[in-house]
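Student: Before I ask anything, let me first share the structure, which is written out below as structure tokens.
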Amino acid sequence: MFRKKGASQDTPADPPHPAEPGTAAEPGGPAGTAAPSEPLDLQLGEHHDTPVLHLTPDLMVRQQNELAEMERELGPGHEDVLRARHTHAMMLGNWAAVAPPGDTRMADREIALLEVNLGYQEASLGPDHLGTLRTCQSIGHAHLTAGRPRQAIPYLERALEGRERGADPDDEETLTAREKLSEACAAAGMTDRAITLLEETAAASERLLPPGAETVRDRKAKLFDAYREAGRRAEAIALCKEIIEDTERFYGPHHLDTYTWVDNLAHLHHDEQDLDAAIACYERAIAGLEQIHGPDSEALSYRYHNLAIAHLEDGRPDRAVPHLAAAHSAREHTFGADHGTTLDALVDLINALDRAGRPTEAVEATERLLAALLRVGGPDHPQLPEVRAYLEQLRRLLP
């Protein structure tokens, strides 16, 4: 079967896409002939693990020793000791951020140090002092890093409420506190509250910051992700259109970010099965990205594929064929003729040619696939029998 449309690979917010529409079944071959009973269903691409970042402990040991010496000389609640303890906690937080999943040892040590500071700050500075609130924020962030969002929320709520009582509610640090609380709520499954907090943050950012500010764009992108992940597509579509207008206004209609957001809008329309709107957006994004990347770029290959899938779902396989051919050409240019992702694209093209009733071209493409599999795996390649059987069925359709 055809692979479903792919997620956008270079959106500004690197957002993940929701469940994608499947492709409608449609008989292939000319009228009165029997097409192969099942399309090719091969997945030949490769997957790679993301490398892990490692840090060295030398600085941590030195800081720990210096902190212990300062505590002995100045006392545990001295201002300089509080500052040094906070610095050491932040370094532990850097370790915690790259720890393997489930390893909370560094985060726990960070939190323990920050809790000591919080006790002294509450006693000497008061519960609503900015220093106290910043420590609450840091503790909440550490719990969130450790995968404990429900333990993070009380600290982040306290940090936000204290700022809202004592400062301008549109102050940038207040907005950051609200954004972090939204992140914790989302991680804890409190989706509606998380979105409400993000909506407030994005709206306040537009009031506080100059038009086109990067922070405003980032927060709108985060809100867009939240709408989409929550299945609130109408709101996601409206916000995506607003972001496109912003991007066109500040960067122009032919900027990379503009085309990337147009591609995001295409995905949303596709998910809603508004195929005409999806196709129009895909075509605009592709036309612009071809000028930026060139038609043989991998950045274009999956977009050609998505446009083709939209045409197939709309019952127009003939219109899908050139886009699938372009996707195959781009992957062949990038990865080589025998790479797994290139062969996946060739399988898609074969199936589209079959559905469009073009058996001669389908046979030629399948023969290319057969030759590639022989080069890759030799005569014992496990998928050769399926491809040979499919090729034989296609040949029966030839005049």
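Student: Just wondering, is there one or more residues in region 315-331 that are within 28 Å of GLN273 (Cα to Cα), in contact with a helix residue (DSSP H, G or I) (Cβ under 9 Å, 6 or more places away or on another chain), hydroxyl-bearing (Ser, Thr, Tyr) and buried (at least 24 other Cβ atoms within 10 Å of the Cβ)?
Tutor: Scanning region 315-331 turns up no residue that is within 28 Å of GLN273 (Cα to Cα), in contact with a helix residue (DSSP H, G or I) (Cβ under 9 Å, 6 or more places away or on another chain), hydroxyl-bearing (Ser, Thr, Tyr) and buried (at least 24 other Cβ atoms within 10 Å of the Cβ).
Student: Which of the residues spanning region 112-132 are of a type in the set (Gly, Ala, Ser) and at negative phi?
Tutor: ALA112, GLY119, ALA123, SER124, GLY131
Student: Filter the helices (runs of 4 or more DSSP H) completely within region 290-384 down to those with at least 3 residues that are within 26 Å of THR260 (Cα to Cα).
Tutor: In region 290-384, the matching helices (runs of 4 or more DSSP H) lie at 298-313, 317-335, 340-355.
Student: Given the structure, is GLY288 in contact with a His (Cβ under 9 Å, 6 or more places away or on another chain) and closer than 30 Å to ARG316 by Cα?
Tutor: Numbers: in contact with a His (Cβ under 9 Å, 6 or more places away or on another chain): yes; closer than 30 Å to ARG316 by Cα: yes.
Yes, satisfied.
Student: Still on this structure: Which pairs do you get when a residue that is aromatic (Phe, Trp, Tyr), found in region 319-347, comes within reach of a residue that is in a helix (DSSP H, G or I) and crowded, with 18+ Cβ neighbours inside 10 Å, reach meaning Cβ atoms under 6 angstrom, with the pair 6+ apart or on two chains?
Tutor: PHE335/THR341; PHE335/THR342
Student: Now a separate question. Go through (1) touching a residue at least 12 places away in the same chain (Cβ under 8 Å); (2) in a helix (DSSP H, G or I); (3) surrounded by 14 or more Cβ atoms within 10 Å (Cβ to Cβ) for ASP128 and report which single condition fails.
Tutor: (2)
Student: Please verify whether ASP380 is touching an Asp or Glu at 6+ places or on another chain (Cβ under 9 Å) and surrounded by fewer than 21 Cβ atoms within 10 Å (Cβ to Cβ), treating the condition exactly as stated.
Tutor: No, not satisfied.
Student: Evaluate the following for GLU235: is it exposed (fewer than 14 other Cβ atoms within 10 Å of the Cβ), in a helix (DSSP H, G or I) and of a type in the set (Asp, Glu)? Full working, then the answer.
Tutor: Details: exposed (fewer than 14 other Cβ atoms within 10 Å of the Cβ): no; in a helix (DSSP H, G or I): yes; of a type in the set (Asp, Glu): yes.
The answer is no for GLU235.
We did not get these values from a lab; they are worked out from the coordinates using the rules stated. Predicted model, so just to flag it, every value in this text is computed and none were measured. A quick note on method: Cβ atoms are made from the backbone with ideal geometry, for glycine too, and the neighbour counts reach across all protein chains shown.
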